[in-house]
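Heads up, the thing below is written out as structure tokens.
The values are calculated or read from the model by the stated rules, or taken from the named source; none is laboratory data. Computed from a prediction, not measured in an experiment: that's the story for all the values here. Positions of Cβ are backbone-derived with ideal geometry, glycine not excepted, and every protein chain shown enters the neighbour counts.
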């Protein structure tokens, strides 16, 4: 029976298409990487420096987006992650300036990040409203409080900061890679090898069936938001490592970039069983590479915003192509 | 599982390549043009466009220099990344109109051996003390925060002297520090107190704390009939609420000529602003109700360019104690059309105030700090 099925040309064609679509994000990343290296080298620029820049631009997005996968896999959505990053970094800087202690700063950053995430999910549970609604409210509240703290304490500088020497030991790329690798590995393990990940994918794929089998959406939403909070905390810390200062606009683009990164990584926005933990990593760096390629090709003196328009068109194309992977004519979820 | 491992291996290889690179910057040929990267946070304001036009349409045609502008830089990370990209492209210097984190900008330039100059605004005193002897810090020429305060103060004093009894105030984009200082100066200049205080630091501190001007904290002989700041859906409602009270003057610390000129001209209420000398403002003053304008002119960024040229060619301008350039540049003020046109027409197209002939007096191997100080003071 198995043999007959595998010999069916339609099935073979279907499987081939699925495989191609599955590897498409990674292939796209490889192509973008090769194109980027070619363009930089072709223009006679310093490739080594450019690669470091790409890594630094991508690492915070990759970390925060990897944590966010747990939320997105539930079919939920968190627009407040950028504001949480800003808020955590702000309170972290304030804590360091008050105590002069790096461990205290780290404790505050991670505590605040996890606390903000928990608050979003708990509020949603208490008031029985969609989680993304509470995250919209949280985004406004956290941004406003952070702006208030920054403007009151930053004064004429317009920002608050810690001495660069404090975070200098964490600046070498290898240290950041270790942070990224450890966090991604932990997320990968939880997502793919524990019941937490499996149940979250089940909840995202079919919440009604999941509920009928006794899986609590609230419980797994809270776990997802806690893990995302850890990602936000690490992202906030890495933001401070790159630039040891915080202004009201710090991390302002992360919220939307996470969405783009996850889509570029080949994961459906609706979550479910096709969620992949590495989508954030692949998508995050793909997005950063694409942006930089466009900026290298399109002379910034010729006009603003052209690269964003091209990027948006690319985004729509990717959504369409990756959508082929989970679009079906039967049994919509 | 196999696929996941493949993904991880490929990503690990790419990350290793991304992170493991290093090296040193190559030498610039003597005959190649000077390449300057320009950091900008505002890409559409009239003042920013004026500066850009001066650099690209006048300076670039008269000197062997290439200016490359960044896109709008939103935060400190974007500024640092932009500088690193200019370094990777072999640029010689950075001119900064962006101020999210000047300390990080300067550290990044020094690390990448790029000269750095502040083209708009200034470092705060503590930052200047920290960096004034940095070998890559060219300097800063522009209005300091005290200069911003004094611009507001002068406006307030002008209208107090004119005998206004009621005013409306526009705080622009407070808590932007520049606007906070101007607003503080304006209140004090009108002869008012804010929360019982009338000295710069106390008023500025309170406005930062309040995130705006709290009218209930203002006391004195001139009545503030209304205050608004920012720009959003309700801005014009707030403006018309003030206009309805027919104040003697509407005083703005920035951008009012952009947002409210038509409304105020139509309502017949005289207004003042700290903005720039543009054709639109010329019309507002000659045909409308603009009665006071403090502004920069486009070529005011000429001297800092000259300082960068000197630095790139080996003459890093320093004072007797080895400190980097730090010169306050005052705003020019026009209260009538003749004065306005004199400033405006004297700084256009091919005949800017800081033209090639003027700038050449401060470009060269023998030019000193005092030459720059004299030039800036004379304009």
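Could you list, in sequence order, the residues of segment A:26-52 that are more than 7 Å from every other protein chain (Cβ to nearest Cβ), touching a helix residue (DSSP H, G or I) at 6+ places or on another chain (Cβ under 9 Å) and in a loop (DSSP other than H, G, I, E, B)? The one that is more than 7 Å from every other protein chain (Cβ to nearest Cβ), touching a helix residue (DSSP H, G or I) at 6+ places or on another chain (Cβ under 9 Å) and in a loop (DSSP other than H, G, I, E, B): A:43. On inspection, residue B:116 does not qualify as more than 10 Å from chain A (Cβ to nearest Cβ), more than 30 Å from residue A:241 (Cβ to Cβ) and either in a loop (DSSP other than H, G, I, E, B) or at pLDDT 90 or above (or both). The set of residues from segment A:268-290 being more than 24 Å from residue A:37 (Cα to Cα) and either touching a helix residue (DSSP H, G or I) at 6+ places or on another chain (Cβ under 6 Å) or buried (at least 23 other Cβ atoms within 10 Å of the Cβ) (or both) comprises A:268, A:271, A:272, A:273, A:274, A:275, A:276, A:277.
Pull up segment B:159-177, narrow it to residues that are assigned to a loop (DSSP other than H, G, I, E, B) and within 11 Å of residue B:249 (Cα to Cα), then point me to the one that is nearest to the other protein chains (Cβ to nearest Cβ).
Among them, the one singled out is B:164.
Scan segment A:80-94 and give yes if some residue there is modelled with pLDDT of 95 or more and over 22 Å from the mean Cα position of the chain (by Cα), otherwise no. Scanning segment A:80-94 turns up at least one residue that is modelled with pLDDT of 95 or more and over 22 Å from the mean Cα position of the chain (by Cα). Checking each residue of segment B:73-80 against the condition of being more than 11 Å from every other protein chain (Cβ to nearest Cβ), modelled with pLDDT under 95 and more than 21 Å from residue A:45 (Cβ to Cβ) gives no match. Quick one: in segment B:190-213, which of the residues that are free of Cβ contacts under 8 Å to residues at least 12 places away in the same chain and within 14 Å of another protein chain (Cβ to nearest Cβ) is surrounded by the fewest Cβ atoms within 10 Å (Cβ to Cβ)? Ranking the candidates gives B:201 first. Regarding segment A:67-78, can at least one residue be identified that is under 28 Å from residue A:163 (Cβ atoms) and within 14 Å of chain B (Cβ to nearest Cβ)? No, because not a single residue in segment A:67-78 is under 28 Å from residue A:163 (Cβ atoms) and within 14 Å of chain B (Cβ to nearest Cβ).
Counting only helices (runs of 4 or more DSSP H) that fall entirely inside segment B:318-379 and contain at least 3 residues that are under 20 Å from the mean Cα position of the chain (by Cα) and more than 30 Å from residue B:288 (Cβ to Cβ), the qualifying elements are B:369-377.
Conditions tested, residue by residue: (1) out of contact with any helix residue (DSSP H, G or I) (no Cβ under 9 Å at 6 or more places or on another chain); (2) over 23 Å from residue B:143 (Cα atoms); (3) assigned to a helix (DSSP H, G or I).
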residue: B:241; (1), (2), (3): yes, yes, yes
residue: B:245; (1), (2), (3): yes, yes, no
residue: B:265; (1), (2), (3): no, yes, yes
residue: B:272; (1), (2), (3): no, no, no
residue: B:288; (1), (2), (3): no, yes, no
residue: B:292; (1), (2), (3): no, no, no
residue: B:295; (1), (2), (3): no, no, no
residue: B:299; (1), (2), (3): no, no, yes
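As a summary of the residue check, residue A:265 satisfies the conditions (1) buried (at least 23 other Cβ atoms within 10 Å of the Cβ); (2) more than 14 Å from the chain's Cα centre (by Cα) except for the one numbered (2). Residue B:148 meets the conditions (1) within 30 Å of residue B:191 (Cβ to Cβ); (2) modelled with pLDDT of 95 or more; (3) in a helix (DSSP H, G or I) in every case but one. The failed one is (2). Taken over segment B:54-78, the criterion of being in contact (Cβ under 8 Å) with a residue 40 or more places away in the chain and more than 12 Å from residue B:38 (Cβ to Cβ) is satisfied by B:57, B:58, B:62, B:63.
Residue under question is residue A:214, and the condition is that it be more than 8 Å from chain B (Cβ to nearest Cβ) and part of a loop (DSSP other than H, G, I, E, B); does it hold? Criteria met by residue A:214.
Taking segment B:127-144, which residues are surrounded by fewer than 24 Cβ atoms within 10 Å (Cβ to Cβ) and closer than 30 Å to residue B:333 by Cα? Break it down into steps so the answer makes sense when it comes.
Keep residues of segment B:127-144 that are surrounded by fewer than 24 Cβ atoms within 10 Å (Cβ to Cβ), which gives B:127-136, B:142, B:144.
Correct list: B:127, B:128, B:142, B:144.
For segment B:257-280, a residue qualifies if it is buried (at least 23 other Cβ atoms within 10 Å of the Cβ) and over 26 Å from residue B:60 (Cβ atoms), and the qualifying residues are B:257, B:260, B:264, B:271, B:272, B:273, B:274.
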